[in-house]
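Asks: One structure is given below, represented as structure tokens, and several questions about it will come after.
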Amino acid sequence: MATVFVTYKATGENFRFDRDYYESVHLPLCRKVWEKYGLVSSTGVYPKGEGDIVAVAVSEFRDKEAAIAAFRSPEGKEVMNDVVRYTDLTPSMLLGASFTY
């Protein structure tokens, strides 16, 4: 398994992040177009507290190659083009490996 974390950090007090759109349109779009590339699960989390992270998308793929293929796919461009519809923050991606004991 490989996990992709996409974080949205606030760059100040004035930013736009439409959580309703993100949950009802964007995340389902990700699931729809990336399942054929090996997406196993995805969810959005919203850390509370003093930090500057507004949201984190956590997506698990079959393996690292599947994650890379999904983001590089033509559908991946469709997903990236959707970002401006719900936020003016710049997403940052981290690809990590998942493991079990």
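Asks: Compare Gly12, Gly44, Gly76 in a GNM of the chain, Cα atoms joined below 10 Å, and give the one with the largest fluctuation.
Replies: Gly12
Asks: Moving on. Residue separation times 0.36 nm, minus the C-alpha to C-alpha distance between Lys36 and Thr90: what's the value? Could you put the intermediate results ahead of the total?
Replies: Working: separation 54, 0.36 × 54 = 19.44 nm, distance 2.60 nm.
This chain segment gains 16.8 nm when fully extended.
Asks: Got a sec? What order do Asp52, Asp88, Asp82 fall in by accessible area at 1.4 Å, biggest, i.e. largest, first?
Replies: Numbers: Asp52 70, Asp88 95, Asp82 5 Å².
Output order, biggest surface exposure first: Asp88, Asp52, Asp82.
Asks: Per q in 0.15, 0.19, 0.23 Å⁻¹, report the Debye log10 I(q)/I(0) for the chain, using one uniform scatterer on each alpha carbon and no solvent.
Replies: -0.59, -0.93, -1.27
Asks: So, one more: Put Thr90, Thr3, Thr43 in order of accessible area, largest first, 1.4 Å probe: what do you get?
Replies: Working: Thr90 115, Thr3 10, Thr43 65 Å².
Of Thr90, Thr3, Thr43, the descending order of accessible area is Thr90, Thr43, Thr3.
Asks: List the lysines whose Cα sits under 22 Å from the Cα of Lys36, skipping any in the same chain fewer than 8 residues away.
Replies: Lys64, Lys77
Asks: Per-residue ellipticity at 222 nm for the chain, helices alone: DSSP H runs ≥ 4 residues times -39500 (n - 2.57), over residue total, nearest 500 deg cm²/dmol? Present the calculation step by step, with values, prior to reporting the outcome.
Replies: On the way: 3 runs with 26 residues, N = 101.
That calculation yields -7000 deg cm²/dmol at 222 nm.
Asks: Roll a 1.4 angstrom probe over the protein heavy atoms and tell me the percent of accessible area of the chain that is carbon or sulfur.
Replies: Details: 3430 of 6450 Å².
Carbon with sulfur: 53 percent of the solvent-accessible area.
Asks: Now a separate question. What figure, in Å² to the nearest 10, do you get for the accessible area of Ser92 with a 1.4 Å probe and non-protein molecules left out?
Replies: Rounded to the nearest 10, that gives 60 Å².
Asks: Among Glu65, Glu75, Glu13, determine the one that fluctuates most according to a GNM of the chain built with springs between C-alpha atoms less than 10 Å apart.
Replies: Glu13
Asks: Okay, next question. Run the numbers on the chain and let me know its relative contact order in percent, using alpha-carbon pairs under 8 Å that are six or more apart.
Replies: On the way: 165 pairs, mean separation 49.3, N = 101.
With pairs under 8 Å counted, the relative contact order is 49 percent.
Asks: Just the number please: accessible area per residue for the chain, 1.4 Å probe, all protein chains included, in Å². Walk me through the intermediate numbers first.
Replies: Numbers: 6450 Å² over 101 residues.
Accessible area per residue: 64 Å².
The values are calculated or read from the model by the stated rules, or taken from the named source; none is laboratory data. Keep in mind it's a predicted model, so treat the numbers as computed, not measured. What goes into the accessible areas is simple: the full protein's heavy atoms, side chains included, and nothing from ligands, DNA or RNA. Shrake-Rupley method; radii C 1.70, N 1.55, O 1.52, S 1.80 Å.
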